[in-house]
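I have placed the structure first, in the form of structure tokens, so that the comments after it can refer back to it.
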Amino acid sequence: MKQTKLDSKALSILENKIQLIKTEKGALYLVGPIRLPVNLFGETVVFKWYCWLNCSEVTEDFERIIEKLSSVNLAEFQQSSVLVFGDFEYADDAIIRLHSICHTGDIFGSKRCDCGFQLKQSMKMIVDHGNGALFYLANHEGRGIGLFSKAMAYILQENGYDTVDANQALGFVDDSRNYSDAIQVLKALRKKPVTLITNNPKKLNALKNAGLPVSERKPLWGDVSEFNEKYLETKINRSGHIKDQGTCPND
């Protein structure tokens, strides 16, 4: 792809919308906020949308970073983003969701998992609460194994393997997800405590280990069916997800 010179007017607009977040291995370039009207259960809700790029180069010369993009096919990779609602930065009580991308559940509405349900429901919880943020983590497909490997894991699951055994049979650990980038972005957007929407103690521990104040945890179970009951039971029995009374399979 041919690299072209960045338009000076475009640069002047973009420079005020880009934030540099330094990390141990380089930098995150956070762009936003961007006004994003979303259809949520038949109603239009306006979020503030941010997206970030993980890069080894650390510079405040944003023109240099932007000009490189036209010669690198970012569409071949995945970038994560965050939807922010309300006065997220300053509100005393805010709720967040660290949501791992699920191509089959989030896009196609697959009933093999509960990811699509959790995505929409957590967005609704944030809106109903009045403020919060949903982090959409694009490198977490299949608990970090990627979409192609996830497809093979699904084949194994159709032949008697559970989620954990399928990942391990392919040479992966059960869960290789990392939340460090999302945590760096969260720190840049908010300093006050948050309530975390999750059933997964690993997400809770990731925030606490990073020194982020967590005031509460809200469970998110639902959309249980014959297609995902074993999947949900495996989350609890083998992956350590917290079973909240009255909300899980067989309750």
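General observations
- Matching option when the condition is of a type in the set (Ser, Thr, Tyr), part of a loop (DSSP other than H, G, I, E, B), surrounded by fewer than 15 Cβ atoms within 10 Å (Cβ to Cβ) and at pLDDT below 90, among SER12, SER71: SER71
- Candidates ASN54, ASN39: the one that is among the polar types (S, T, N, Q), modelled with pLDDT under 90, surrounded by 12 or more Cβ atoms within 10 Å (Cβ to Cβ) and assigned to a strand (DSSP E or B) is ASN54.
- Tally, over the range 57-67, of residues that are modelled with pLDDT under 85 and closer than 26 Å to TYR179 by Cα: 2
- Residues in the range 111-129 include at least one that is more than 17 Å from the chain's Cα centre (by Cα), over 24 Å from GLU43 (Cβ atoms) and touching a residue at least 12 places away in the same chain (Cβ under 8 Å).
- Selection of the range 142-195 for residues being in a helix (DSSP H, G or I), buried (at least 16 other Cβ atoms within 10 Å of the Cβ) and basic (Lys, Arg) yields ARG143, LYS150.
- Residue satisfying condition, being assigned to a strand (DSSP E or B), of a type outside the set (S, T, N, Q), surrounded by 16 or more Cβ atoms within 10 Å (Cβ to Cβ) and touching a strand residue (DSSP E or B) at 6+ places or on another chain (Cβ under 6 Å), within set VAL46, VAL84: VAL84
The values are calculated or read from the model by the stated rules, or taken from the named source; none is laboratory data. Everything numeric here is computed off the predicted structure, so don't read it as measured data. Virtual Cβ from ideal backbone geometry, glycine too; neighbours counted across all protein chains shown.
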